[in-house]
Amino acid sequence: MSELARKICLMGDFGVGKSSLVARFVRNTFSEKYLTTVGVKVDSKEVTVDRRNVKLVVWDLAGKAELDSLNKSYIRGAHGLMLVVDGTREASLRAALYLWMQSQKQLAQVPVVMLINKLDLIDKWEVSSADIVRLSESVPTFRTSALSGEGVEAAFAALAKRLVESV
C-alpha cells in the first residue's frame, strides 16, 4: 500500500469548533477551554481509504468571515476543504458559504465537505433542517459534535474518500 499525502484546510467563522474538531479527529480529545487559533495550526493523521494509506495534513485556519491575503496563502495547494458551521449561529453558515465562494478563485475543483458542528446543542440550533437538506444537494454535509465525537470520523472519512477518488 502506498501512502498519499493530502492537504486539507478547515475554514469557518471564529468559535465554530474547527480546532476542537481537529483535536477530536487526530487525538480523540476535547477541551472545554476556548483558545483562539492565531494564523494556522497544522496537524496530521493517517487513514486508510480503499486499502490505500492517506496522510491527511490538516490545516486549521484562524476563524474569519472572509478570506484575507494570509488565509489565501494558507489555502494555496490544498487538496480539499472542510467548511465548518456552528449550528447555534446561523450567521456562521453565511460566513462559511462566503469563504467557500471566495476560495473557489484559488481552489476551483477541490473536494469540499461541510460540517454543521455542535450537535450536542441541537436544541439551540439556528441552522434549520431545511437549510441542511438544501446544502446537502450541493455539498456533502455532516452534523457533528466535537464534544461527543458524533459525525466527526464520518466527515473526515468522506473527504478522504473524495480525495483518493480525485487522484
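Annotations for the structure displayed:
Each row is one residue, and each column tells you yes or no for (1) at pLDDT 95 or above; (2) assigned to a loop (DSSP other than H, G, I, E, B); (3) of a type in the set (A, V, I, L, M); (4) over 16 Å from the mean Cα position of the chain (by Cα).
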{"position": "32", "(1), (2), (3), (4)": "no, yes, no, yes"}
{"position": "48", "(1), (2), (3), (4)": "no, no, no, yes"}
{"position": "71", "(1), (2), (3), (4)": "no, no, no, no"}
{"position": "83", "(1), (2), (3), (4)": "yes, no, yes, no"}
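- Residues being crowded, with 17+ Cβ neighbours inside 10 Å and either out of contact with any Leu (no Cβ under 7 Å at 6 or more places or on another chain) or at pLDDT below 95 (or both) - total across region 132-146: 3
- Restricting region 96-120 to residues that are charged (D, E, K, R) and at pLDDT 95 or above, the residue that is surrounded by the most Cβ atoms within 10 Å (Cβ to Cβ): 118
- Condition broken by residue 91, with the remaining ones in (1) surrounded by fewer than 16 Cβ atoms within 10 Å (Cβ to Cβ); (2) at pLDDT below 95 satisfied: (2)
The values are calculated or read from the model by the stated rules, or taken from the named source; none is laboratory data. This one's a predicted model, so the numbers in the text were calculated from it and none came from an experiment. So basically every Cβ, Gly included, is an ideal-geometry build from the backbone, and we count neighbours across all protein chains shown.
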